Every structure is written in structure tokens, then in C-alpha cells.
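Peer 1: Take this structure, written in C-alpha cells, and hold onto it; I'll ask about it next.
The values are calculated or read from the model by the stated rules, or taken from the named source; none is laboratory data. Since we're looking at a predicted model, the values are computed, not measured. Here the Cβ positions follow ideal geometry from the backbone for every residue, glycine too, while neighbour counts run over all protein chains shown.
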Amino acid sequence: MVRHKNRYMVVQINETGKEEGKLKLKAASLHEAIIQKVQQLHGDFGVAAIRAGFTAKYFNEHTRVAFVRTRRGPHKFVCSAIPCIKSIENRNAVVNILYVGATIRQCFYFLKNYQQEKFDEYCVKLKTDEEKINLKKEMLNFENVLAIL
Amino acid sequence: MSKYYYLDVSLDFAEPYETEITGVYFKKNIVSAVNQLFGEVAAAVNIDILKYNSANRRAVLRVPKTHYIKLRSSLTLCGKFEGHPCAYTVHKATPLLLALQGDSRDYTY
């Protein structure tokens with residue numbers, strides 16, 4: 001048997017007009033939005049191709065980052081559909097692909113650095129150490145995406 | 001060899017369907033079949049009807065070679081025309097238009 005390969009994507013969701021601050025989303029919304037867009041652009045064939053092994057998880061409200069996993073091959077459908085997404089949960093939004101990796105390890109590396117960078121940026125606005133510790137806890141919490149493995 | 005593929009296609013209904021189908025509706029049905037199966041990306045390519053006979057609902061289609069397989073599979077999987085059960089029959093498919101006029105399969109000995 002040949003093992004199957006995956007592609008992992010780190011994407012950022014920006015609500016139009018509100019590029020800063022938190023964005024609350026339901027866990028399944030991004031998944032639904034991507035499937036809908038693939039249906040529109042690549043039809044039944046595209047949806048059937050990406051269905052197996054496809055997960056999309058919202059990761060962090062502060063940096064509005066999400067994690068997407070697809071099989072290698074049909075990931076092209078997903079990659080081409082993601083930038084075309086215009087709305088999530090009836091809210092206007094733009095989705096940017098930040099990183100595409102072949103292993104979840106590489107993705108975590110990228111994500112860790114990215115979160116750290118953003119954390120430093122946000123820290124400037126905070127005054128007390130307590131707030132900083134809380135923010136760090138929230139931003140560097142990887143637990144909810146570990147299930148993607 | 002050739003940039004295009006040509007298909008000789010006819011539309012058959014399960015039950016008698018009297019309404020006349022114009023070339024525009026014929027093409028619309030084909031394009032929406034492609035749209036359903038392969039989405040807007042595939043439906044955006046040029047599918048042309050070179051010749052259409054509304055009496056027997058038979059047409060000659062032209063499609064870029066790269067999208068021939070997509071068109072043919074969409075035709076196969078298309079089962080409805082305006083809600084009526086139907087099927088497309090592909091009589092002949094060729095990269096050479098002249099072959100539709102007659103090839104070795106049509107010889108009588």
C-alpha cells in the first residue's frame with residue numbers, strides 16, 4: 001500500500017472593514033464555506049474529490065487563524081477556492097492563505113512563529129503583566145487543533 | 001493534432017416530449033450539465049453548437065480538446081431536461097470534423 005499524503009493550510013479570515021480585533025466564528029462555518037465555494041467552482045466532482053480527509057478548524061480568535069487539512073491532489077481545488085470565498089456566516093469576509101505545508105509539523109512551526117510575532121505586536125497595547133500572561137495563554141494554546149492529527 | 005473535438009449528439013426522452021427544443025435551450029441544458037458536475041471553471045469554456053436539427057434533436061458540438069472528457073462525462077451523467085427524464089446519445093466523437101461525414105465504420109460492402 002502507498003501511504004496517502006496530505007496538505008495542511010494555515011489561513012487567515014478577515015471580516016471586511018474589521019481587520020483588527022477578535023472574530024468569533026462557529027467551528028463548522030469555515031468548513032461549510034469552503035465546501036460551498038468548491039461546489040460552485042468545481043461542481044459535484046470537486047466536492048466529491050475533496051470530501052475524503054477534509055477538515056477545517058478555526059484556531060484562534062485573536063489572530064483569526066484557521067487550519068485546513070486536505071488530501072494531496074484535490075488540495076488544488078481547495079487552494080483555488082479559498083481566495084474566492086466572499087462570505088462566512090452571512091458576514092462579508094476575505095480568506096487569505098498564509099502557509100501551505102506537507103506536514104503538520106511544518107505548519108505548527110510556522111503557526112508558532114506567527115502567533116509569537118502577533119503576540120509581541122499586541123503586547124504593546126497592554127499595560128499589566130497579568131493581561132499579557134492571559135493573552136499568551138490564549139494565543140499559544142494549540143490544544144483545539146491537536147485533534148486534527 | 002487538432003485543437004478541438006467534435007461530437008455528434010442527440011437528445012432522447014424517456015416519455016414523448018412534444019415541445020420544440022431550440023438550439024439555445026439545447027445548449028443551455030448542456031452547459032448546465034457541465035456546470036453541475038464540474039462547476040463554473042469548466043462551464044466557462046467555449047462549447048459550440050455547429051449544427052442543430054430541432055426535428056430529431058441532434059447536434060454537432062465542438063469543444064476544446066482539453067475539455068472533451070469533461071463534456072462527455074457531463075453528457076453521460078445528465079438525466080434531466082427541464083425536469084423531464086432524458087439521455088444524451090453520443091453517436092460519434094472525433095478530433096476531425098470530416099470524420100463525422102463518414103468514416104470506415106459507415107462503409108457498406
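Peer 1: Condition first: without any contact (Cβ under 8 Å) to a residue 60 or more places away in the chain and closer than 20 Å to A:Phe59 by Cα. Now tell me which residues in segment A:124-140 satisfy that. It would help to see each step written out before you state the result.
Peer 2: Step one: of segment A:124-140, the residues without any contact (Cβ under 8 Å) to a residue 60 or more places away in the chain are A:124-134, A:136-137, A:140.
A:Lys132, A:Ile133, A:Asn134, A:Lys136, A:Lys137, A:Leu140, listed by residue number.
Peer 1: Which of the following residues is more than 14 Å from chain B (Cβ to nearest Cβ) and either surrounded by 15 or more Cβ atoms within 10 Å (Cβ to Cβ) or within 22 Å of A:Lys18 (Cα to Cα) (or both): A:Asn90, A:Asn113, A:Asn134, A:Asn141? Let's see the steps before the verdict.
Peer 2: Working: A:Asn113 fails: either surrounded by 15 or more Cβ atoms within 10 Å (Cβ to Cβ) or within 22 Å of A:Lys18 (Cα to Cα) (or both); A:Asn134 fails: either surrounded by 15 or more Cβ atoms within 10 Å (Cβ to Cβ) or within 22 Å of A:Lys18 (Cα to Cα) (or both); A:Asn141 fails: either surrounded by 15 or more Cβ atoms within 10 Å (Cβ to Cβ) or within 22 Å of A:Lys18 (Cα to Cα) (or both).
Testing whether each residue is more than 14 Å from chain B (Cβ to nearest Cβ) and either surrounded by 15 or more Cβ atoms within 10 Å (Cβ to Cβ) or within 22 Å of A:Lys18 (Cα to Cα) (or both) leaves just A:Asn90.
Peer 1: Also: From the list A:Phe45, A:Phe77, A:Phe67, which one is of a type outside the set (Lys, Arg) and touching a His at 6+ places or on another chain (Cβ under 7 Å)? Steps first, answer last, please.
Peer 2: Values: A:Phe45 fails: touching a His at 6+ places or on another chain (Cβ under 7 Å); A:Phe67 fails: touching a His at 6+ places or on another chain (Cβ under 7 Å).
Only one candidate qualifies: A:Phe77.
Peer 1: Now for a separate question. Name every residue in segment B:56-76 that is loosely packed, with under 13 Cβ neighbours inside 10 Å and not β-branched (Val, Ile, Thr), in order of residue number.
Peer 2: So the first thing to find is which residues in segment B:56-76 are loosely packed, with under 13 Cβ neighbours inside 10 Å, and the list is B:56, B:65-66, B:69.
Matches in segment B:56-76: B:Asn56, B:Lys65.
Peer 1: Just checking, how many residues over segment A:45-73 are free of Cβ contacts under 8 Å to residues at least 24 places away in the same chain, surrounded by 16 or more Cβ atoms within 10 Å (Cβ to Cβ) and not aliphatic (A, V, I, L, M)?
Peer 2: Filtering segment A:45-73 down to residues free of Cβ contacts under 8 Å to residues at least 24 places away in the same chain leaves A:45, A:47-48, A:51-52.
When the remaining residues are screened for being surrounded by 16 or more Cβ atoms within 10 Å (Cβ to Cβ), the result is A:45, A:47.
Adding the requirement that they be not aliphatic (A, V, I, L, M) leaves A:45.
Number of matching residues: 1.
Peer 1: Still on this structure, please answer the following. Of the residues A:Lys57, A:Lys24, only one is charged (D, E, K, R), assigned to a strand (DSSP E or B) and within 14 Å of the chain's Cα centre (by Cα); which? If you could, list the steps in order and put the result at the bottom.
Peer 2: Details: A:Lys24 fails: assigned to a strand (DSSP E or B).
A:Lys57 is the lone residue from the list that is charged (D, E, K, R), assigned to a strand (DSSP E or B) and within 14 Å of the chain's Cα centre (by Cα).
Peer 1: Take the residues of segment B:33-53 that are exposed (fewer than 15 other Cβ atoms within 10 Å of the Cβ) and within 14 Å of another protein chain (Cβ to nearest Cβ): which is farthest from B:Leu7 (Cα to Cα)?
Peer 2: We begin by selecting, within segment B:33-53, every residue exposed (fewer than 15 other Cβ atoms within 10 Å of the Cβ); these are B:40, B:44, B:46, B:48, B:50-51, B:53.
Applying the additional criterion that residues be within 14 Å of another protein chain (Cβ to nearest Cβ) yields B:40, B:44.
Values: B:Glu40: 22, B:Ala44: 19 Å.
Checking each candidate, the answer is B:Glu40.
Peer 1: May I ask you to say which residue of A:Gly73, A:Gly46 is more than 15 Å from the chain's Cα centre (by Cα), away from chain B (no Cβ under 14 Å), modelled with pLDDT of 90 or more and closer than 21 Å to B:Lys70 by Cα? Steps first, answer last, please.
Peer 2: Values: A:Gly46 fails: away from chain B (no Cβ under 14 Å).
None of the others qualify; the one that does is A:Gly73.
Peer 1: B:Leu97 - would you say it is touching a residue at least 12 places away in the same chain (Cβ under 8 Å) and surrounded by fewer than 19 Cβ atoms within 10 Å (Cβ to Cβ)?
Peer 2: Working: touching a residue at least 12 places away in the same chain (Cβ under 8 Å): yes; surrounded by fewer than 19 Cβ atoms within 10 Å (Cβ to Cβ): yes.
So B:Leu97 fits the description; yes.
Peer 1: Could you check how many residues of segment B:31-68 are more than 23 Å from A:Phe77 (Cα to Cα) and under 14 Å from the mean Cα position of the chain (by Cα)? Break it down stepwise before answering.
Peer 2: Filtering segment B:31-68 down to residues more than 23 Å from A:Phe77 (Cα to Cα) leaves B:48-62.
From what is left, the residues that are under 14 Å from the mean Cα position of the chain (by Cα) are B:48-54, B:56-62.
Going through segment B:31-68 one residue at a time, the tally reaches 14.
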